[in-house]
Each structure stands twice: as structure tokens, then as C-alpha cells.
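**Student:** This is the structure I want to talk about, given as C-alpha cells.
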Amino acid sequence: MNNFKNLRGTVDLLPDQLIKWQNVEKIIVEQLLRSSVKEIRTPILEMTELFLRGIGEGTDVVSKEMYTFLDRGDRSCSLRPEGTASVARALIQNGISTKPFQKLWYMGPMFRYERPQAGRQRQFHQLGVEFVGYESFRSDVEIITLAWDILEKLGIKELNLEINTLGDNTDRSNFQKAFLKWLEVNKNSLDLDSQKRIEKNPLRILDTKNVQTKKILEDAPRLVDFLSDKSLKRYLNIKEQLKLLKIPYVENFHLVRGLDYYTHTAFEITSGSLGSQATVCGGGRYDNLISLMGGTETPAIGFAIGLERLIILSGNKLGESRETDIYIVNKGIHAEKLAMDLSRKLRNYDLIAELDLSGASFSKQFKKANKLKSKSIIVIGDDEAFKNQFIIRLFNNDNSENKEETISIEDNIKLEKWVKSNLLLHKNL
RNA sequence: GCGGGCGUCGCCAAGUGGUUAAGGCAGCGGCUUGUGGCGCCGCUAUUCGGGGGUUCGAAUCCCCUCGCUCGCCCCA
């Protein structure tokens, strides 16, 4: 096989699949618009250092999953593995202090060098939303609600929202001390992976999938018990407001997001029908990130939704394309000229008008129209062209008799009338 | 990076050592060169992911390799 193939973990999205993507994206963007969230676009390529500092060198994402290379000027560059760091960078660089409150979204490809599997690719797509400058617990609730509503608007069912709090820096370091003490005592009962994490990232041990370790962890100290009054109050407020909004959630004390910059609220939305990569949305508060990256201290919260996983979950209804409204069968030198002009006229009525360019026999062109399930058809051949007219008729799929009408080329009024009564009436506007 | 499953036409597949690689869908052409569906007829893999080996003989057995897929790790 000497043909070219796409790179591992990447896919071609073909026209048929893109209908669903476009519909999903449209619904998302509309909901964002209604929530007055504004779009931001940052480069896909950034200097590697940005991600090292923004995401954390110790994380798997950065330490073993980045697409990193030297450019021709020997600068180390990386394809973005996620969007938050870039957005933070862009805001700092463009003067965050002049616009301290911003609700932003972005959508686009991300890159992570991993083994592909169901719902996971090396190039994948995320919708990210970041509320920057917002500190109140109500911004946490609003952003969780936004994620929830987007998924609901897409008609996705059987979703589980899990929430947790990581407290502020002081809470967390108090907890960590106690937790480390406990870990020391119980070290030998833990699985190997978890043992390694004691040094590297002890919080992540809470997140283990090892059944044995999970059981042992039931007796470990809990982070909630180390929250300051203020942090606790914050968390309780969020839960209360979610209840008020009737958004069902489950508390999960073991929910610890993988990236270093999170504080307070962490949340995740999962679906059982996704296989082992069940998370469709992950997010949380990151009050430390922007100052950590050299900006003025700015609280922020955000989430990311994996579009591939969203597509898997979205119903088939979103995959249906708009049918051809009118197919123009045309043959003969003069007729073909008139037909092309006609096709433009029809598109001005916001119709999907397809002009047959094959020059094939009438029979062939009719078959094509039928295959496309075109709602109507125009026929223009030498006979019609000679009389400066064309034939138009509805084109039912059951092949029943359909009345046809002859319209003169110049008779725009008659054409418009026909189009309005036969095609535009049925359109959902 | 580590484990399991799988690779035969654009898609779904039969074939499991003996020579013509079924069949279905899609596609193309014809019956019908100015009229749709259905039907009928015909065409479409010198080759079974790639390389090497065993054998008189390989899609079928062995080795290597590549790819896909599912899971682990991690995450969206």
C-alpha cells in the first residue's frame, strides 16, 4: 500500500457526518449567544513554555502527551492540548485589567498524543467556556447550568453531574498534610500507581479506579472536613442553588481534576453510554491560574465539552440534512445557458437548487433527481428553450402523477407564486 | 507506554492449504440517446493490509511489520 493515509488518531469528517457536527455546533453557539458568552479564538500553536507553566509540568497531559517540536528558529512550540492556558495568555497579553469581567467561549481542535480508543483521538475537538473575573458562587452555578443546558438542548439524556470542592490553597494544604499522614500509615495497602503518586500528586490518589484502593480510601480523611467556614459556605450555597434550579447532581468527594490549577469547585458530566471514556464535560474553578501565569490575580471558572463524545451522544435527528428543493434537468446548448441563470434566481428565494451539470440524457438526470429526493424539478431542453420557457413540477417520491406547469423564462411573478405555494409553504422558518 | 480482538472491492461480507476469490449494498453502462419507481441484463479484487518463510501449491500455516479496534494509564 503506497497510498497516503491519515495520521493515527486523526479522522476525516465526511459530508454526511458533518451535517450532524454542524447542527450540534449551531445549537451550542445559539445557547452561548443567549447567555451572552462571547467567542475568542487563539492560535492552535503556542510556545511550549505556556503549557508547561499553565497546565503543570507534572501532569500527564504535558509530560507525555504533547505534540512538541522545534520550529525553524529553534523555538520549542506545541500544539495546544487544551484551551484554558491559551485564553489566559491572550487575556493577560491584551490587558485583562481594562476588561476584568469576561464570559468567553472557543471551539476547535486540540491535540494529545495518546493511544486512540472509543471517544478518544489525538486530534479532537472541544468547546471551552471560561468566565473570567467572576468570583461569586453564583458564577459557578451559572457555568454548571450553562453546560447542563447545552447538553439538554442537544437532547442528550442519561447524564450525571458530579460535583466536588477542592477548597482554597490553605484548605487544600491543610488537607494534604493530614492526607499524607494517613497515606504513610496505609501506604502498603495501596496499589502501585497510587503509591507512586504519593510523591508526585497525592490528591490524584483520591481519583483512583483501583477497587481495592477505593475501599481503603473510604476511611481516609475527607477534604470537606478541612474547608474553612468561608469555603464551606461557598460550597453549600452552590448546592442549594443547584437544587433550586432542579439540576440533579451527585457529590463525589473523590472527584479531582487532572490539571494543577483548579481551586474550589470541580465538576464533571458523564454518560454511561460512552464506554470507558465516559466524561463528556469537565470543568472547575481556577483562581490561581492567571496570577500564576503573570497576570493580576483574577478568579475564573470554566469547562470543556468534548465534541466527539457529544456527537456520539446526540440523537440521529441531528444528522438529517436539508433536502434539495429543486433539481434542474437541462440539456442542449441554449437550454443549459438559461438553466444556469434560473438556478441563481431560485437560490435567491433561499431554495436549495441543484443544477445538473452532467449533460447526460433526460432519463439519467431524472434518476439523479429522484435519488436526491428532490422536492421538485425543473425541466428545460431544446424544445422549452426554443419557446423561452421551462417546465416545473412537484416531484413526490412515490412516483405518483404530478401536475406540471409551464412558465415563461421572464415570468418571475408566476415562478415566485409557484415557489411560494409549493415549496416555501412547507419550510420551517 | 502496556494488554486483548481484528485486517478479503467504496461499504457489509463468504471462503480456514488445491487452483475461475461467492453473495449483498453502493457505483457505472444498457433495456428506455425527452422523462422518475420497480424489474431485467452487463461491468467493477490477476488478488486477500505489507514483507519474508513453509509447501508441488497459501487469503487460508509460521515469523516480522503496519494499521484498525477495545481496555489500562490519563482525559474531553
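The values are calculated or read from the model by the stated rules, or taken from the named source; none is laboratory data. Since we're looking at a predicted model, the values are computed, not measured. Here the Cβ positions follow ideal geometry from the backbone for every residue, glycine too, while neighbour counts run over all protein chains shown.
**Student:** If the requirement is being assigned by TED's automatic domain parsing to the domain that holds A:Val37, at pLDDT below 95 and touching a helix residue (DSSP H, G or I) at 6+ places or on another chain (Cβ under 9 Å), which of these qualifies: A:Gln117, A:Gln126, A:Gln121?
**Tutor:** A:Gln121
**Student:** Follow-up. Only one of (1) part of a strand (DSSP E or B); (2) under 20 Å from the mean Cα position of the chain (by Cα) fails for A:Asn164. Which number is that?
**Tutor:** For A:Asn164, the failing item is (2).
**Student:** Quick one: which residue in A:Leu394, A:Leu429, A:Leu415, A:Leu424 is of a type in the set (A, V, I, L, M), more than 10 Å from RNA strand B (Cβ to nearest atom), modelled with pLDDT under 90 and surrounded by 13 or more Cβ atoms within 10 Å (Cβ to Cβ)?
**Tutor:** On the way: A:Leu394 fails: more than 10 Å from RNA strand B (Cβ to nearest atom); A:Leu429 fails: surrounded by 13 or more Cβ atoms within 10 Å (Cβ to Cβ); A:Leu415 fails: modelled with pLDDT under 90.
That would be A:Leu424, the only listed residue that is of a type in the set (A, V, I, L, M), more than 10 Å from RNA strand B (Cβ to nearest atom), modelled with pLDDT under 90 and surrounded by 13 or more Cβ atoms within 10 Å (Cβ to Cβ).
**Student:** Still on this structure, I have one more. Out of A:Thr10, A:Thr42, which single residue is in a loop (DSSP other than H, G, I, E, B), of a type in the set (Ser, Thr, Tyr) and more than 16 Å from RNA strand B (Cβ to nearest atom)?
**Tutor:** A:Thr42
**Student:** Being assigned by TED's automatic domain parsing to the domain that holds A:Arg53, within 12 Å of RNA strand B (Cβ to nearest atom) and surrounded by 20 or more Cβ atoms within 10 Å (Cβ to Cβ) is the requirement here; does A:Arg285 meet it?
**Tutor:** no
**Student:** How many residues, within region A:204-217, are modelled with pLDDT under 85 and either under 16 Å from A:Ile163 (Cα atoms) or part of a loop (DSSP other than H, G, I, E, B) (or both)?
**Tutor:** 5
**Student:** Here's another thing I want to ask about it. How many residues are surrounded by fewer than 17 Cβ atoms within 10 Å (Cβ to Cβ) and part of a strand (DSSP E or B) if we restrict to region A:124-154?
**Tutor:** Residues meeting the conditions: 0.
**Student:** Across region A:155-207, what is the number of residues that are in contact (Cβ under 8 Å) with a residue 40 or more places away in the chain, farther than 30 Å from A:Ile27 by Cβ and of a type in the set (Val, Ile, Thr)?
**Tutor:** Looking only at that region, the number is 2.
**Student:** Can you pull out the residues in region A:88-123 that are assigned to a strand (DSSP E or B) and either hydroxyl-bearing (Ser, Thr, Tyr) or in contact with a strand residue (DSSP E or B) (Cβ under 9 Å, 6 or more places away or on another chain) (or both)?
**Tutor:** Going through region A:88-123, the residues assigned to a strand (DSSP E or B) turn out to be A:102-111, A:117, A:120, A:123.
The answer is A:Gln102, A:Lys103, A:Leu104, A:Trp105, A:Tyr106, A:Met107, A:Gly108, A:Pro109, A:Met110, A:Phe111, A:Arg120, A:Gln123.
Results for (1) among the hydrophobic types (A, V, I, L, M, F, W, C); (2) modelled with pLDDT of 95 or more; (3) near RNA strand B (Cβ under 9 Å from one of its atoms), shown as yes or no for each residue.
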{"residue": "A:Ile290", "(1), (2), (3)": "yes, no, no"}
{"residue": "A:Met293", "(1), (2), (3)": "yes, no, no"}
{"residue": "A:Glu297", "(1), (2), (3)": "no, no, no"}
{"residue": "A:Glu308", "(1), (2), (3)": "no, no, yes"}
{"residue": "A:Ile311", "(1), (2), (3)": "yes, no, no"}
{"residue": "A:Ser314", "(1), (2), (3)": "no, no, no"}
{"residue": "A:Lys317", "(1), (2), (3)": "no, no, no"}
{"residue": "A:Glu323", "(1), (2), (3)": "no, no, no"}
{"residue": "A:Gly332", "(1), (2), (3)": "no, no, yes"}
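**Student:** Taking the stated definitions as given, is A:Val250 more than 13 Å from RNA strand B (Cβ to nearest atom) and either touching a residue at least 60 places away in the same chain (Cβ under 8 Å) or not small (Gly, Ala, Ser) (or both)?
**Tutor:** Numbers: more than 13 Å from RNA strand B (Cβ to nearest atom): yes; either touching a residue at least 60 places away in the same chain (Cβ under 8 Å) or not small (Gly, Ala, Ser) (or both): yes.
Spelling it out, A:Val250 is indeed more than 13 Å from RNA strand B (Cβ to nearest atom) and either touching a residue at least 60 places away in the same chain (Cβ under 8 Å) or not small (Gly, Ala, Ser) (or both).
**Student:** Which members of region A:53-77 meet the condition of being free of Cβ contacts under 8 Å to residues at least 40 places away in the same chain and in contact with an Asp or Glu (Cβ under 6 Å, 6 or more places away or on another chain)?
**Tutor:** Passing the criteria: only A:Cys77.
**Student:** Only one residue in A:Ile352, A:Ile328, A:Ile333 is β-branched (Val, Ile, Thr), in contact (Cβ under 8 Å) with a residue 24 or more places away in the chain and surrounded by fewer than 19 Cβ atoms within 10 Å (Cβ to Cβ), so which one is that?
**Tutor:** On the way: A:Ile328 fails: surrounded by fewer than 19 Cβ atoms within 10 Å (Cβ to Cβ); A:Ile333 fails: in contact (Cβ under 8 Å) with a residue 24 or more places away in the chain.
Of A:Ile352, A:Ile328, A:Ile333, the one residue that is β-branched (Val, Ile, Thr), in contact (Cβ under 8 Å) with a residue 24 or more places away in the chain and surrounded by fewer than 19 Cβ atoms within 10 Å (Cβ to Cβ) is A:Ile352.
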